[in-house]
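These notes are about the structure you will find just below.
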Amino acid sequence: MAQGAFTADGCPVEVYRLLPPGDEPGIVHAAIPEGASILELGSGVGRITHALLDLGHPVVAVDDSPEMLAHVRADKVCSKIEELRLDRVFDAVLLGSHLINTAAAADRAAFLLAAGAHVAPGGRVLVEWHPPEWFDAVRDGQGGVLGEVGVRLDRVVRDGDLLSAVVRYSADGRSWSQPFTCRRLDSEALNAALTRAGLVFERWCTDDRTWFSAKPA
Ligand SMILES: C[S@@+](CC[C@H](N)C(=O)[O-])C[C@H]1O[C@@H](n2cnc3c(N)ncnc32)[C@H](O)[C@@H]1O
């Protein structure tokens, strides 16, 4: 059966349509004021966007995949994050999906600069990342079931700070594979990247340290 469209970074659009919102909207909602406006970078199909709208937040969703954005029922902008130049700022900017762990330092810098350029004075940038300990713990075969989607990691390979793997998704008799490479950042590297974007670490938003907030320096 056809596997449908994939994004430039290898995400299968159909999988993101099937995945449930999970904990992410609640984590974001708890970290920002009621009704705070949100710029969501890398929104995909709106899995988190739509739940945040239901929680009372006006959201502008950004993604460079027209196939993903076609499913978003919110204000949306088709753009690469690094090229985003909106003439407005937001109470919160959301940089989820471990985009900050991108292997390329230049991409990480550009993502954070875009976040910093669009956050209001007194606002927050909320980041989801793979903390350093994740890189030690992750194993072949790790995974589970999210909604109706089976998720399994395969071919985990470590090379210094880099970790490559393939995520295998299955649902409804179909399957998809998404290879990825991500980079471990220690706290020094993280803080340096934030500083270069005019941001400063504020606090952990979850006990497992997979989400944190940063604010304009
Ligand atoms: C892993 S998906 C996650 C989507 C959504 N955040 C979610 O959790 O359901 C990552 C999304 O970020 C988008 N993306 C990745 N790099 C991007 C970039 N440089 N500019 C714009 N969008 C990007 C992809 O097209 C994809 O839709």
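For region 89-217, DSSP calls about 85 percent of its internal beta bridges antiparallel. Taking amide hydrogens as placed 1.01 Å from N in the peptide plane, the amide H of residue 200 sits under 5 Å from those of 215, 217, each at least 5 positions away in sequence or on another chain.
Over the Cα atoms of region 132-183, what is the Rg over Rh ratio if Rh follows Kirkwood? Please list the in-between numbers first.
Values: Rg = 11.8 Å, Rh = 11.6 Å.
Rounded to two decimals, Rg over Rh is 1.02.
Relative contact order of the chain, taken over Cα pairs closer than 8 Å and 6 or more residues apart, is 18 percent. Of the residues 90, 201, the one with the fewest other Cβ atoms within 10 Å heads the list, and the complete ranking is 201, 90.
Looking at the chain, what % of its DSSP beta bridges pair antiparallel, to the nearest 5?
65 percent
Gyration tensor over the Cα atoms of the chain: the corresponding equivalent ellipsoid has semi-axes (square roots of 5 times the eigenvalues, largest first) of 26, 22, 16 Å.
Look at 199, 19, 39 and count the other Cβ atoms within 10 Å of each Cβ; fewest to most, that gives 19, 199, 39.
Phi angles across region 49-62 convert, under the Karplus curve 6.51 cos²θ - 1.76 cosθ + 1.60 with θ = phi - 60°, into 3J(HN,Hα) values of 3, 5, 5, 5, 4, 5, 7, x, 9, x, 10, 10, 9, 10 Hz, Gly and Pro given as x.
List the trypsin sites (Lys or Arg not before Pro) in region 79-147 that DSSP assigns to loop (not H, G, I, E or B) and whose Cβ has at most 11 other Cβ atoms within 10 Å. Which are they? Can you show the working numbers first?
Working: sites: 80, 85, 88, 108, 124, 139; in loops: 80, 85, 88, 139.
Qualifying residues, ordered by number: 85, 88, 139.
Since every read-out is calculated from the coordinates, none of them should be taken as a lab result. Note that the coordinates shown come from a computational prediction; the quantities given were computed from them, not determined experimentally. Cβ: placed from backbone, ideal geometry, glycine included. Neighbour counts: every protein chain shown.
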